[in-house]
Amino acid sequence: MAFQVLKFVQLDFDEPWTRTVLATGYASVLYSAQRSGAKLAVVTESATGVFETILFVLKVRDEVYVIDQVVHIPAKCVRRERGNTILCQG
């Protein structure tokens, strides 16, 4: 199984995902994909302050863990985009 672990600035989950707060000594949250093709966008920031958006497509029941500012994703990215390409609703 492929995994990617990234330090992030922003995460964007499409519908539907479930969210579970884990009782640990860290700020930990578990997100579970509720359908195949669930999408996740991760914005990272380089040491020079340049943003990059990294896109993932996950399978049903894939679990994404967020611990502080680090996200653990059980998939390889499908695309990279320059800048923060996450759009607000509206």
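Got a sec? Which of Val42, Val21 is of a type outside the set (D, E, K, R) and in contact (Cβ under 8 Å) with a residue 12 or more places away in the chain?
Working: Val21 fails: in contact (Cβ under 8 Å) with a residue 12 or more places away in the chain.
After applying the criteria, what remains is Val42.
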Please return the ranges of strands (runs of 3 or more DSSP E) entirely within the range 48-90 where 2 or more residues are over 16 Å from Tyr31 (Cβ atoms). 51-58, 79-82
In the range 1-24, which residue that is assigned to a strand (DSSP E or B) and of a type in the set (Ser, Thr, Tyr) is farthest from Ala38 (Cα to Cα)? Thr20
Just a yes or no: is a residue in the range 50-57 at positive phi and among the charged types (D, E, K, R)? no
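Taking the range 45-59 only, how many residues are under 14 Å from Phe8 (Cβ atoms) and without any contact (Cβ under 8 Å) to a residue 12 or more places away in the chain?
Number of matching residues: 1.
Kindly evaluate Lys39 against the criterion of being assigned to a strand (DSSP E or B) and not β-branched (Val, Ile, Thr).
Working: assigned to a strand (DSSP E or B): yes; not β-branched (Val, Ile, Thr): yes.
Yes; evaluated as a whole, the condition is true for this residue.
Computed from the coordinates by the stated procedures, all read-outs in this text should not be read as laboratory data. Since the structure is predicted, the reported quantities are computational estimates derived from the model, not experimental observations. Cβ coordinates were reconstructed from backbone atoms using ideal geometry, including for glycine residues, and neighbour counts include every protein chain displayed.
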